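The values are calculated or read from the model by the stated rules, or taken from the named source; none is laboratory data. All of these numbers come straight from a predicted model, not from anything done at the bench. Please note: Cβ atoms are built from the backbone with ideal geometry, for glycine as well, and neighbour counts cover all protein chains shown. Side chains included, ligands, DNA and RNA excluded: accessible areas come from the protein's heavy atoms. Shrake-Rupley method; radii C 1.70, N 1.55, O 1.52, S 1.80 Å.
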Amino acid sequence: MLSRKEQNSQAIALPKEWTEKVCNLLNDVYGSHCKQMDKRFEVYGSTYPNEFVLIATLADTADERAASVSYFISVDLEESTKPEKMLNDLVDSIGAFFDIYFATEDWDDYQAEWLEAEFKGHRFFYKISRENIALHIMADNLLNQ
């Protein structure tokens, strides 16, 4: 399970067009770094009745089983949540993280536990792992069959 909270319902994936748009944006902005490292971005997002989860993964292009750098974001959903502004701001937080990641040689500040943060007025939780999200999703799909 990729969510921060214990969930009783299945996740609803964000529209593929939106995740592809964010993925293309990240691959364009960080294209020179990705090319140099032979990496690419993948973006996953889903909602639950009480939580929104967004994950940006920097994955190896040559070996899909290689460990990745995955930045997870979890936000509590409330009736007052303005989803479009929140999504745009959370994408900005992904950029803020990867700016630091690419600027720091030998970066290794992984956070396996969810930590609370605030960015552009949004309270959210994040963690940073070596988890390969594509493989995790494939395993979840097999288990749910």
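Candidates in segment 51-98 are the residues that are touching a helix residue (DSSP H, G or I) at 6+ places or on another chain (Cβ under 9 Å), in a loop (DSSP other than H, G, I, E, B) and farther than 17 Å from Arg123 by Cα; of these, the one that is least open to solvent (accessible area, probe 1.4 Å) is Ser68. If you take the residues of segment 13-43 that are surrounded by 13 or more Cβ atoms within 10 Å (Cβ to Cβ) and over 17 Å from the mean Cα position of the chain (by Cα), which of them is nearest to His136 (Cα to Cα)? This residue is Met37.
Which count do you get for residues in segment 22-50 that are in a strand (DSSP E or B) and aliphatic (A, V, I, L, M)? Can you show your working first?
At the first step, the residues of segment 22-50 found to be in a strand (DSSP E or B) are 39-48.
With aliphatic (A, V, I, L, M) added as a condition, the list becomes 43.
Residues meeting the conditions: 1.
Counting just the residues of segment 127-145 that are out of contact with any helix residue (DSSP H, G or I) (no Cβ under 9 Å at 6 or more places or on another chain) and in a strand (DSSP E or B), which one comes out nearest to Ala59 (Cα to Cα)? Before the answer, list the steps.
Kept after step one, since they are out of contact with any helix residue (DSSP H, G or I) (no Cβ under 9 Å at 6 or more places or on another chain), are these residues of segment 127-145: 127, 129-145.
Applying the additional criterion that residues be in a strand (DSSP E or B) yields 127, 129.
On the way: Lys127: 16, Ser129: 12 Å.
Once the filter is applied, the top-ranked residue is Ser129.
For segment 9-23, which positions are farther than 17 Å from Thr57 by Cβ and either at pLDDT below 85 or touching a Gly at 6+ places or on another chain (Cβ under 7 Å) (or both)? Matches in segment 9-23: Ser9, Gln10. Taking the criterion of being surrounded by fewer than 13 Cβ atoms within 10 Å (Cβ to Cβ) and either on the phi > 0 side of the Ramachandran plot or not hydroxyl-bearing (Ser, Thr, Tyr) (or both), the residues of segment 1-12 that qualify are Met1, Glu6, Asn8, Gln10, Ile12. Note on segment 1-59: residues that are in contact with an Asp or Glu (Cβ under 9 Å, 6 or more places away or on another chain), among the charged types (D, E, K, R) and more than 19 Å from Val75 (Cβ to Cβ) amount to 3.
Yes or no: Phe124 surrounded by 16 or more Cβ atoms within 10 Å (Cβ to Cβ), in contact with a His (Cβ under 9 Å, 6 or more places away or on another chain) and outside any loop (DSSP other than H, G, I, E, B)? No; evaluated as a whole, the condition is false for this residue. Being among the basic types (Lys, Arg), closer than 22 Å to Trp107 by Cβ and modelled with pLDDT under 85 is a property that Arg65 has.
Among residues of segment 108-121 being assigned to a loop (DSSP other than H, G, I, E, B) and without any contact (Cβ under 8 Å) to a residue 24 or more places away in the chain, the one that is surrounded by the most Cβ atoms within 10 Å (Cβ to Cβ) is Tyr110. Test Ser129 against the criterion of being open to solvent by less than 100 Å² (accessible area, probe 1.4 Å), touching a Leu at 6+ places or on another chain (Cβ under 9 Å) and in contact (Cβ under 8 Å) with a residue 40 or more places away in the chain, and give yes or no. For Ser129, the condition - open to solvent by less than 100 Å² (accessible area, probe 1.4 Å), touching a Leu at 6+ places or on another chain (Cβ under 9 Å) and in contact (Cβ under 8 Å) with a residue 40 or more places away in the chain - is not met.
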